[in-house]
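Computed from the coordinates by the stated procedures, all read-outs in this text should not be read as laboratory data. This is a predicted model, so every value here is computed, not measured. Cβ atoms come from the backbone with ideal geometry, glycine included; neighbour counts cover every protein chain shown.
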Amino acid sequence: MQIASETDRLSVPDGLLDSDEASFLYAGHPYRNHLAGTVDTLSKISATDLKTLHSQLMQTSQLLLVVVGNLDENSLKSKIAASFGALPKGNYQSSAMPLLKFSAPTATLTTKPLNAVYVQGVFAGPDFNSPDYDALQMATSILDTRIQAAKLKKDISFQSQALLRRQRASCGVVSFMSENGNEAAELVQEQISVMKTALVPADVLEGIRSAYITNYYVENQSSAAQAVILARYELMGSGWRNSENLLDRLRKVTPADVQRVAREYMRSFQFTIVGDGGKINTQLLLAER
């Protein structure tokens, strides 16, 4: 079933785009290891491999338990001790995650007979625990909004998205799918340039920040979602308590912060392209402004 799922993922442009991207974007980096596996690696796994890995992972030094809810603390502790107390501690120690670094923009094309061209550009971001991460979160949200607004203003229709990946060695992503790749590439590059050259108006920043915070509350109403946030901060080295002041940190981001991180990080994009190469001039992607 897992092999069939991976095969299906690679049969569609978006899945192929992600696979091609990972092969060179994360070359030599721990993130290169696809957690769901590949068709090649999955086909080689044996029952003995699974048992060995299970015994290696079931050590308290490799486990993180997060509980969210209205529970009695003493009762919970006794149940945890009964369930996990006999496990060996092990000697696992977390290590620093190397940041992604790109020295120049690149573009890699996988030719497919498609009506539209699929493009995904990635730029290296700061450590998840860096103060710049919060400013870049706002910057990518603003970039996404500006691209959407520019499409409406110019009456251009194509799918697009800009976001910041939530990982220890962060990276920003700008992607689009269009039947007119050159037109889309020009528009996207234009908006990236605006992020670097002009201060975002304070009221625009406040509006996007408010929308982001509102969406944050909506997405994290459930206990399960809150547990994910606590685990993310703990596993990424910041400590779960820092998740509680995220919104305060975002409220402190200024227009100058947004422009500064745009200039520092939105460069040396690594572009992956899937589709008909004749539908896009890669030089439009590589010519940073």
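Overview of values
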{"item": "Contour excess over end-to-end distance, with Cα ends at Ala86 and Ile156 and 0.36 nm allotted per residue", "result": "19.1 nm"}
{"item": "Gain upon complete extension [Glu179, Ile45; 0.36 nm per residue less C-alpha separation]", "result": "44.2 nm"}
{"item": "Label point distance in nm, Ser75-Thr108, each placed 7 Å from Cα along Cα→Cβ", "result": "5.3 nm"}
{"item": "Among beta bridges that DSSP assigns inside the chain, antiparallel share in %, nearest 5", "result": "75 percent"}
{"item": "Reach of Lys51 by Cα under 20 Å, taken over aspartates and glutamates that are not fewer than 8 positions away in the same chain", "result": "Asp40"}
{"item": "Dipole of the chain, positive end: most advanced residue of Gly277, Gly15, Ser223 [Cβ charges, Cα centre]", "result": "Ser223"}
{"item": "Range in the chain, longest, excluding exposed chymotrypsin sites (Phe, Trp or Tyr not before Pro) [loop by DSSP; at most 16 other beta-carbon atoms within 10 Å]", "result": "103-289"}
{"item": "Pairwise label distance in nanometres, Tyr212 with Leu35, each label 7 Å out on the Cα-Cβ vector", "result": "2.3 nm"}
{"item": "Sorted by Cβ neighbour density within 10 Å, fewest at the top, the residues Ile208, Ile280", "result": "Ile208, Ile280"}
{"item": "Relative contact order of the chain, defined on C-alpha pairs under 8 angstrom at six or more residues apart (%)", "result": "29 percent"}
{"item": "Angle in degrees between helix 255-265 and the longest Cα principal axis of the chain, rounded to the nearest 10", "result": "90 degrees"}
{"item": "Sum of -39500 (n - 2.57) over DSSP H runs of 4+, divided by residues of the chain (222 nm, nearest 500)", "result": "-15500 deg cm²/dmol"}
{"item": "Net dipole in debye of the chain [+1 Lys, Arg Cβ; -1 Asp, Glu Cβ; about Cα centre; nearest 20]", "result": "540 debye"}
{"item": "Neighbour-count order for Arg249, Arg289, fewest beta carbons within 10 angstrom listed first", "result": "Arg289, Arg249"}
